[in-house]
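Undergrad: Sending over a structure as structure tokens; questions will come in a sec.
The values are calculated or read from the model by the stated rules, or taken from the named source; none is laboratory data. Computed from a predicted structure; not experimentally measured. As a convention, Cβ positions derive from the backbone with ideal geometry for all residues, glycine included, and neighbour counts pool all protein chains shown. Quick note on the areas: whole protein, heavy atoms, side chains included, nothing else; ligands and nucleic acids left out. Shrake-Rupley method; radii C 1.70, N 1.55, O 1.52, S 1.80 Å.
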Amino acid sequence: MSGLQGKVAMVTGGARGIGKAIAAALAADGAKVAVVDLDLANAEATATEVGGGARGFAANVAQAADVDAVVGAIERDLGPIDILVNNAGITRDSLLMRLSEADWDAVLNVNLKAAFLTMKAVTRGMMKRRSGRVINIASVVGVVGNRGQANYSASKAGLIGLTKTIAKELASRNVLVNAVAPGFIETDMTAALSPEARQALSAQIALGRLGAPADIASVVAFLASEGASYITGQVIVVDGGMVM
Ligand code: NAI
């Protein structure tokens, strides 16, 4: 255990994949983690697995009423939130001509609007306490674009703009806001890739392999730590050297 004892962390989409690895890394560093997910059973199972007093909570973070209710429940059960990780995200890929309005809205609501809602609900307390960390999980495609992902890349580019703006708004209150932009990481989200697609992707990655959720989690844990207290408004790309 090191560094985050006595801190409370809220991780959205924490039940599986990258969010689960983030919950585990923060718990290993001593934080009490609120694993927030649509899937309560999975969130509770993850909370039990990561330990350290972690608890599972159900919420659709794209809904303001759910966000306000879950933030209230976490603060009642675990205490004031010191670390917020906006990790919940979805894809609904299509080329522009086939992209429906519903798929545009669904992706923007979960990947971008949810971060606005959670930051609004959580950072008020952080500002009062003059201390807090927000880490938003973006994507390299928010930086460079990707065909077939207009909605997803727009949501992640938006999340980067939101990160920088809120970093500027909250810096004077010692609330630090950064983004981590993963490349291709082995999770349920990327499991659907064919072996050929996987091969083609690996060839574009300088390190020659897809990343693991733990590769992202260790960077998030660093950004939550004392060692990162002079970093705000940044986008840390963690992609094995795919985009340079
Ligand atoms: P995943 O699909 O394995 O897990 C996402 C989790 O978020 C699930 O547990 C799901 O139930 C939860 N979730 C979805 N919508 C939600 C909502 N409205 N409210 C609450 N929970 C919700 O995804 P993965 O791969 O772990 O991705 C996590 C984050 O990392 C996402 O923001 C994704 O865009 C981002 N990312 C992933 C990459 C990858 O290669 N896997 C690459 C770049 C970014």
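Undergrad: For the chain, what mean projected area does the convex hull of the alpha carbons give, in nm²? The partial results should precede the final answer.
TA: Details: hull surface 50.2 nm².
For the chain, averaging the hull's shadow over all directions gives 12.5 nm².
Undergrad: Excluding ligands, DNA and RNA, what is the solvent-accessible area per residue of the chain at a probe of 1.4 Å, expressed in Å²?
TA: In whole numbers, the chain has 46 Å² accessible per residue.
Undergrad: While we're here: Taking the Cα atoms of region 10-49, report the difference between the largest and smallest coordinate on each principal axis, in whole Å and largest first.
TA: Principal extents (Cα only, largest first): 25, 17, 14 Å.
Undergrad: Quick one: angle between helix 114-129 and the longest Cα principal axis of the chain, in degrees between 0 and 90, rounded to 10, please.
TA: Roughly 30 degrees between the two axes.
Undergrad: Roll a 1.4 angstrom probe over the protein heavy atoms and tell me the percent of accessible area of the chain that is carbon or sulfur. Each step should come with its number before you reach the end.
TA: On the way: 6010 of 11190 Å².
Carbon with sulfur: 54 percent of the solvent-accessible area.
Undergrad: Next up: So what are the radius of gyration and Dmax for the Cα set of region 67-133, in Å?
TA: That works out to 15.4, 48 Å for Rg and Dmax.
Undergrad: Taking N as the number of residues in region 20-132, what value does Rg over Cα atoms divided by 2.2 N^0.38 Å take? Intermediate results must be reported in sequence, preceding the final value.
TA: Details: Rg = 15.3 Å, N = 113, 2.2 N^0.38 = 13.3 Å.
Normalised Rg, Cα atoms only: 1.15.
Undergrad: Express in whole angstrom the spacing between the alpha-carbon centres of region 1-66 and region 130-159.
TA: 21
Undergrad: Straight-line reach from LYS32: which aspartates and glutamates have Cα under 19 Å away, leaving out those fewer than 8 places along the same chain?
TA: Qualifying aspartates and glutamates at Cα under 19 Å: GLU44, GLU49, GLU75, ASP77, ASP82, GLU226.
Undergrad: I'd like the distance between the alpha-carbon centres of region 176-191 and region 82-115, rounded to an integer number of Å.
TA: Cα centroid to Cα centroid, the span is 14 Å.
Undergrad: Quick one: angle between helix 17-28 and the longest Cα principal axis of the chain, in degrees between 0 and 90, rounded to 10, please.
TA: 30
Undergrad: Accessible surface of GLU101 in the full protein assembly, 1.4 angstrom probe, to the nearest 10 Å²?
TA: Only protein atoms counted, so the area is about 140 Å².
Undergrad: Tilt of helix 40-50 relative to the longest C-alpha principal axis of the chain, in degrees (0 to 90, nearest 10)?
TA: Rounded to the nearest ten degrees, it is 70.
Undergrad: How big is the charge dipole of the chain about its Cα centre, in debye rounded to the nearest 20, if each Lys and Arg gets +1 on its Cβ and each Asp and Glu gets -1 on its Cβ? Don't skip to the end; give the middle numbers.
TA: Numbers: 22 positive and 21 negative charges, 153 e Å.
In total the dipole reaches around 740 debye.
Undergrad: Can you pull the accessible area of PHE57 for me, 1.4 Å probe, Å² to the nearest 10?
TA: Ignoring ligands and nucleic acids, PHE57 comes out at about 20 Å².
Undergrad: What does the charge count near LEU176 come to, summing +1 for each Lys or Arg and -1 for each Asp or Glu among other residues with Cβ under 14 Å from its Cβ?
TA: Neighbour charge sum, excluding LEU176 itself: +4.
Undergrad: If the only charges are +1 at each Lys and Arg Cβ and -1 at each Asp and Glu Cβ, what is the size of the charge dipole of region 105-188 around the Cα centre, to the nearest 20 debye? The partial results should precede the final answer.
TA: Numbers: 12 positive and 4 negative charges, 126 e Å.
Magnitude of the dipole: close to 600 debye.
Undergrad: Which of THR187, ASN86, THR232 sits farthest toward the positive end of the charge dipole of the chain, with +1 on the Cβ of Lys and Arg and -1 on the Cβ of Asp and Glu?
TA: THR232
Undergrad: List the lysines whose Cα lies under 26 Å from the Cα of LYS164, skipping any in the same chain that are fewer than 8 positions away.
TA: Straight-distance partners of LYS164: LYS7, LYS20, LYS113, LYS120, LYS128, LYS156.
Undergrad: If I take the Cα coordinates of region 48-91 and project them onto the principal axes, what are the three extents in Å, biggest first?
TA: That works out to 31, 23, 18 Å along the principal axes.
Undergrad: To the nearest 10 Å², what's SER131's accessible area with a 1.4 Å probe?
TA: Rounded to the nearest 10, the figure is 40 Å².
Undergrad: Above 23 angstrom, tally the Cα pairs of region 103-187 and express them as a % of all pairs, no decimals.
TA: Working: 883 of 3570 pairs.
Percent of Cα pairs beyond 23 Å in region 103-187: 25.
Undergrad: Also: For region 115-160, just the Cα atoms, rotate onto the principal axes and tell me the three extents in Å, largest first.
TA: 43, 16, 10
Undergrad: Now, a different point. Which value does Rg/Rh take for region 146-228 over its C-alpha atoms, Rh per Kirkwood? Spell out each step's value before the answer.
TA: Details: Rg = 15.8 Å, Rh = 15.1 Å.
Result: Rg/Rh = 1.05.
Undergrad: For region 100-244, report the translational diffusion coefficient in µm²/s to the nearest whole number, using Stokes-Einstein at 37 °C, 0.692 mPa s, and a Kirkwood Rh over Cα pairs.
TA: Details: Rh = 16.1 Å.
Answer, rounded: 204 µm²/s.
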